[in-house]
Each structure stands twice: as structure tokens, then as C-alpha cells.
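Asks: Mind having a look at this structure? Questions to follow.
The values are calculated or read from the model by the stated rules, or taken from the named source; none is laboratory data. Note that the structure is a prediction, hence the values are computed from the model and not measured. Note that each Cβ is placed from the backbone with ideal geometry, even for glycine, and that neighbours are counted across all protein chains shown. With ligands, DNA and RNA removed, areas are computed over all heavy atoms of the protein, side chains included. Shrake-Rupley method; radii C 1.70, N 1.55, O 1.52, S 1.80 Å.
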Amino acid sequence: MQTLDSAAAYDRAVELATRGRRQLLGITGAPAAGKSTYAEQLAAKLLADGHQVALVPMDGYHLAQSVLEELGIADVKGAPHTFDGHGFVAMLRRLKQAPDEQLWAPRFDRGIEDSIAASIGVAPEVTLVLTEGNYLLLDESPWSAVRELLDQCWYVEVPEELRHERLEARHRRFGRSPEEARERTYGSDERNAQLIAAGASAADAIIRPGR
């Protein structure tokens, strides 16, 4: 599998954005690998350079916190079954097959730990949609339908020690105690990371941010 540095990745994204028909680029990786930051930076640079780009993260399809609590699965928030995977697949299909429509996607707000409906607009002139999230390469229903809708999918990889440090810090930042943060990092988050890593071989390229 090819490893792309930042310049080569940007050039490939530009090539996708200028093909003349809408393309979908997925950015995936384990929790705290840096995929959200990378996708945001890539989208911002493409927009600054005049390309018509939109970013539609998978996180907007989190089940509502109230629903997770009602179902008794709030403690594993972030696992595949805590998302509306079918809804995410349906949106990707619309983005791919109905490029002339104005579409609206949900956005996840970490400040309130919930999604806000119809808050990301994708205009007909958008030629490249970036989507990022954990399960773009997961080989189980409904997530297995994602890969066939993506024109490219890149896997973001960082050293595991750094990823764990980031993840613990993130959990503490959002109110968890050091003990709770560590338990979450090496518990449900690590199980999710192993699921995600199992699909890495289906990616088109590896991205190592900062290189």
C-alpha cells in the first residue's frame, strides 16, 4: 500500500476535485489518530486554493445521547452500533448520485456531545466531498457499503503511544477523571481501534500526518 506525504496527498486530492464529476474521499483511522484534524486542514487548504469542497464527517450520525442512555449503551459511545450507519450510507449515496441537489448533513458538536441536524450544506457546485470517521472500511453491514461509494479512502496512522496520550487527554478535557479517561482509552476505545485497524488493508493509501 502506498504511503503519501502531505504534498502528494494534496496533489491527489486536487486531482479528485478536478475530475469534472463529484468525487468522495474518505479519511479513516483509529480514535485520536488525527483524522478529523487532517481532514479539516485538507478541506481548508483546498477551499483556499479555489476548489469546491465540502466536509461531511461520519460523527454527525452518532445516535443522540438521550437515545444511547435509553438503550443502555452510552458507556460504549463510539462503537459501530452507536451510530446511524444506514443513515450515513444513505447520505453518501445521495452525495454521489444526486450531485445537482442542495443537500444538508448533520454535524456532531463535542461541546454538547450531540449531533445537530441539517447544519452542513453541500451545494451542487461541490466537486469533492471529504468524509472522515472510524468505520469507513469496516467490513460489516451497513458499513461495508461505504467503501464502494468512496472514490478514494485514506488511512491515517500515528504511533500508538501518541494516539493513546491524545485519547486520554481528550477524555479528560471533556470532563472525565484520569481514571475514567484511562479506562475508556484502553477499554471500549481500544476495542474500536482494533476493529478499525482490521480494515486498513482496504485503504488506497496510508497518511502519516506531519510528514
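Asks: Determine the shape class of the range 105-174: with a ≥ b ≥ c the square roots of the Cα gyration tensor eigenvalues, call it rounded for a/c under 1.5, and otherwise prolate if a/b is greater than b/c, oblate otherwise.
Replies: On the way: a/c = 1.98, a/b = 1.26, b/c = 1.58.
Taking the square roots of the gyration eigenvalues as a ≥ b ≥ c, the range 105-174 is oblate.
Asks: Relative contact order for the range 1-131 using alpha-carbon pairs under 8 Å, separation at least 6, rounded to a whole percent? All intermediate terms of the calculation are to be shown ahead of the outcome.
Replies: Numbers: 171 pairs, mean separation 46.0, N = 131.
Across the range 1-131, relative contact order equals 35 percent.
Asks: Of Leu103, Leu71, which has the most accessible area and how do the rest follow, probe 1.4 Å?
Replies: Numbers: Leu103 0, Leu71 105 Å².
Solvent-accessible surface, decreasing: Leu71, Leu103.
Asks: Counting helices only, and only those DSSP H runs with n ≥ 4, report the 222 nm mean residue ellipticity of the chain as the sum of -39,500 (n - 2.57) divided by its residues, in deg cm²/dmol to the nearest 500.
Replies: Dividing the helical sum by the residues of the chain leaves -12000 deg cm²/dmol.
Asks: For the Cα atoms of the chain, what angle does the longest principal axis make with the long axis of helix 6-17, in degrees from 0 to 90, nearest 10?
Replies: 60 degrees
Asks: HN-Hα J couplings of the range 195-205 from phi, Karplus 6.51/-1.76/1.60, θ = phi - 60°, integer Hz, Gly and Pro as x?
Replies: Karplus-based 3J(HN,Hα) across the range 195-205 equals 4, 5, 4, 5, x, 4, 5, 8, 6, 7, 7 Hz.
Asks: Shifting gears a bit: Ignoring ligands, DNA and RNA, please state the percent of accessible area on the chain from carbon and sulfur, probe 1.4 Å.
Replies: Details: 4880 of 10020 Å².
The C+S portion of the solvent-accessible surface of the chain is 49 percent.
Asks: If you keep only loop residues by DSSP, which GluC sites (Glu not before Pro) in the range 85-188 have at most 14 other Cβ atoms within 10 Å of their Cβ? Show your work: numbers first, answer last.
Replies: On the way: sites: Glu101, Glu113, Glu125, Glu132, Glu140, Glu148, Glu157, Glu160, Glu161, Glu165, Glu168, Glu179, Glu180, Glu183; in loops: Glu101, Glu113, Glu125, Glu140, Glu157.
Taking the range 85-188 and a limit of 14 other Cβ atoms within 10 Å, the loop GluC sites (Glu not before Pro) found are Glu101, Glu125, Glu140.
Asks: Would you mind getting the accessible area per residue of the chain, heavy atoms of the protein chains only, 1.4 Å probe, in Å²?
Replies: Working: 10020 Å² over 211 residues.
Solvent-accessible surface per residue comes out at 47 Å².
Asks: Just tell me which lysines come within less than 16 Å, Cα to Cα, of Lys35; anything on the same chain fewer than 8 places away is out.
Replies: Cross-link targets: Lys45.
Asks: How tilted is helix 35-48 with respect to the longest principal axis of the chain? Cα atoms for both, answer in degrees (0 to 90, nearest 10).
Replies: Roughly 30 degrees, rounded to the nearest 10.
Asks: Now for a separate question. Treating the angle as unsigned and between 0 and 90°, give the value, to the nearest 10°, between the Cα long axis of helix 85-97 and the longest Cα principal axis of the chain.
Replies: 10 degrees
Asks: Can you give the net charge of the other residues whose Cβ lies under 11 Å from the Cβ of Glu160, counting K and R as +1 and D and E as -1? Mind dumping the intermediate values first?
Replies: Working: positive: Arg163, Arg166; negative: Glu157, Glu161, Glu165, Glu190.
Local net charge: -2.
Asks: So I have (1) 52, 40, 30; (2) 121, 36, 26; (3) 50, 37, 31, and one of them is Cα extents along the principal axes in Å calculated from this model. Which one is it?
Replies: Here the calculated entry is (3).
Asks: Using amide H atoms built 1.01 Å from N in the peptide plane, name the residues 5+ places from Cys153, or on other chains, whose amide H lies under 5 Å from its own.
Replies: Gly26, Asp204, Ala205
Asks: Between the range 139-168 and the range 26-54, what is the C-alpha centre distance in whole Å?
Replies: Taking the Cα centre of each part, the range 139-168 and the range 26-54 sit 14 Å apart.
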